[in-house]
C-alpha cells in the first residue's frame, strides 16, 4: 500500500515537472532566459497591480503603511531586505523620501530584489530608478558590509 501511494504521488509530481523546470522569476522586464516568448509581457501586465492613490495620509500613517508593505512582500528575500532597510532608515526619511520609497514598493518584488542586488542582467534598471539616491542607499545596504545575518526586525526597531 505504501509503495502504491508513493508511486501515485510521484506520478502526480511528474505531471507538473515541465512547469517546475521553467524556474522563472517574473520581473517587469524581459530577461535573457525567457526564450524569446512574447507571453511574458502579457503575464506581467496581469500580475502588476496599479498603485492606490492615497490623499490626506499623515506621515505617521504613511510610515506605518510602508513598514507593513516592507515586511509583507511575499518573497522572503525581498521581505528581509526591505524590512531591515526600513527599520534602519524609515524613521529618518523626509516626506519626499517616503513618497519615493512608496513608489519603489509599487514595483514587482523580484525587480526590487534584482535592482537592490545590482543584478541588471535579469532585470535591467529602468531610467526612472537609475539615478535614485534611495535605490543607491538600498543597494549599499544590500551589500551587507557588516556581514550581519538578516532577520525580520522586531516592530520596536522601526
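The values are calculated or read from the model by the stated rules, or taken from the named source; none is laboratory data. Fair warning: this is a prediction, and the values are worked out from it, not measured in the lab. Don't worry about glycine lacking a Cβ; one is built from the backbone with ideal geometry, like all the others, and counts go over all protein chains shown.
Looking only at residues of segment 82-125 that are assigned to a loop (DSSP other than H, G, I, E, B) and in contact (Cβ under 8 Å) with a residue 40 or more places away in the chain, we find that the one that is surrounded by the most Cβ atoms within 10 Å (Cβ to Cβ) is 123.
Scanning segment 46-70 for residues that are closer than 15 Å to residue 110 by Cα and assigned to a helix (DSSP H, G or I), which turns out modelled with the lowest pLDDT? Don't jump to the end; show me each part of the working.
Step one: list which residues in segment 46-70 are closer than 15 Å to residue 110 by Cα, which gives 47-49, 69-70.
Now restrict to residues that are assigned to a helix (DSSP H, G or I): 47, 69-70.
Numbers: 47: 70, 69: 95, 70: 95.
Applying the filter and picking the extreme gives 47.
For residue 79, the conditions (1) surrounded by fewer than 17 Cβ atoms within 10 Å (Cβ to Cβ); (2) modelled with pLDDT under 95; (3) part of a helix (DSSP H, G or I) are fulfilled apart from (1).
Pairing residues of segment 139-156 that are under 13 Å from residue 85 (Cα atoms) with residues that are at pLDDT 85 or above and part of a loop (DSSP other than H, G, I, E, B), at Cβ distances under 7 Å and at least 6 apart in sequence or on separate chains, gives 139/118; 142/117.
Against the conditions (1) at negative phi; (2) over 14 Å from the mean Cα position of the chain (by Cα), residue 147 satisfies every one except (1).
This table checks each residue for (1) under 20 Å from residue 125 (Cβ atoms); (2) in contact with a helix residue (DSSP H, G or I) (Cβ under 6 Å, 6 or more places away or on another chain).
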site: 68; (1), (2): no, no
site: 71; (1), (2): no, yes
site: 80; (1), (2): no, no
site: 114; (1), (2): yes, no
